[in-house]
Amino acid sequence: MPCRILNLEDTEKLEQFLATHLYSSVHLLDKFGTGLYAGYFQGSNLLGVAACFDNAHIFIQSPEGGCHLIAFLMAESGKPIRGILGPFDQVSEIINKAGLESDLFQLRKTNSLYHIEIEKLILPSKLTGNQLTARPLERHDLPTYIQWKTDYNISVMRACKTPTLKQLIEKEATLDLKNQHVWLLEKGGELLSACTIAASTHNIMQLGLVWTPINNRSRDYARSIIAACLFNAWSSPIKHCVLYAFNDNIPLKKVCESIGFETVGEYSHIIFKQALGLKNFN
């Protein structure tokens with residue numbers, strides 16, 4: 001089988017391959033060394049990469065051999081999986097070849113993949129006019145941020161409100177605070193909206209959660225917090241940013257396009273109702 005586990009000695013080969021699919025591979029580049037990574041090879045040539053993380057989600061970048069790669073990774077980890085994320089055409093081929101039925105899915109969404117060169121960012125007037133301010137998450141903000149993150153997972157990702165979800169979100173929020181991966185929008189001390197940095201590597205970053213509570217919507221807050229997050233990176237080595245927006249999230253897509261993002265592809269996000277085992281992919 002032309003698959004094997006990747007280790008730190010494969011870093012250069014991995015980076016060279018993923019650089020040819022950069023905009024849809026930021027997460028894979030950033031997290032190498034934290035999850036279980038496998039490569040699909042033809043001779044010594046790396047043709048595909050997949051990685052499984054603690055949340056039992058597999059991220060894939062494999063124009064060839066995607067199904068083989070996922071089956072190999074699951075066999076090596078000995079664990080079932082809860083989701084698959086990757087370029088739309090690759091994930092669709094995997095789902096079709098595995099014959100997975102629609103009733104297995106908790107979530108099956110197609111995202112528009114957006115990209116922007118940060119120097120081309122269009123700043124909203126509410127930021128340039130000092131009507132709103134943005135700042136990093138602080139410890140005293142955690143209760144609000146945890147509630148927003150919970151609301152996002154339930155309403156957008158279709159998660160069920162359980163003690164397990166609560167523990168997971170609290171753990172993630174504490175890590176977000178430590179890593180300074182969250183920006184908050186506020187006015188007069190009132191928190192209005194949030195934006196997270198999901199991954200960053202070399203000169204590119206990927207935004208994650210963008211959340212504005214229902215009562216604060218239609219006021220340009222999402223546009224402002226995304227722009228503020230990008231503006232903060234302006235003087236750093238980060239020169240590019242990508243963001244995924246579900247195709248049915250028209251407001252977020254309009255926000256992205258209004259500040260300079262352009263569509264560069266499609267990306268699939270699948271979550272299964274129950275964890276699937278190796279037999280589903282053999």
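Values computed for the structure shown
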quantity	calculated
Answer from L121, L142 - the residue that is at pLDDT 95 or above and closer than 22 Å to A233 by Cα	L121
Lone unmet requirement of (1) part of a strand (DSSP E or B); (2) of a type outside the set (K, R); (3) over 17 Å from the mean Cα position of the chain (by Cα) for S235	(1)
Index of the failed condition, K254 passing every other in (1) without any contact (Cβ under 8 Å) to a residue 60 or more places away in the chain; (2) not in a helix (DSSP H, G or I)	(2)
Filter result for the condition that a residue is assigned to a strand (DSSP E or B) and either over 24 Å from G208 (Cα atoms) or hydrophobic (A, V, I, L, M, F, W, C) (or both), over L85, L73	L85
Region 179-230: number of residues that are surrounded by 17 or more Cβ atoms within 10 Å (Cβ to Cβ), out of contact with any strand residue (DSSP E or B) (no Cβ under 8 Å at 6 or more places or on another chain) and closer than 25 Å to Y23 by Cα	3
Within region 38-80, considering residues that are aromatic (F, W, Y) and within 21 Å of the chain's Cα centre (by Cα), the one surrounded by the fewest Cβ atoms within 10 Å (Cβ to Cβ)	F53
Pair list, Cβ < 9 Å and 6+ apart or interchain, from region 131-148 residues that are closer than 16 Å to G188 by Cα to residues that are of a type in the set (K, R)	Q131/K187; L132/K126; L132/K187; T133/K187
Residue, nearest to T174 (Cα to Cα), within region 137-154, restricted to residues that are over 17 Å from the mean Cα position of the chain (by Cα) and hydroxyl-bearing (S, T, Y)	Y145
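The values are calculated or read from the model by the stated rules, or taken from the named source; none is laboratory data. None of these values were measured; they are calculated from a predicted model. FYI the Cβ positions are ideal-geometry reconstructions off the backbone, even for glycines, and counts take in every protein chain you see.
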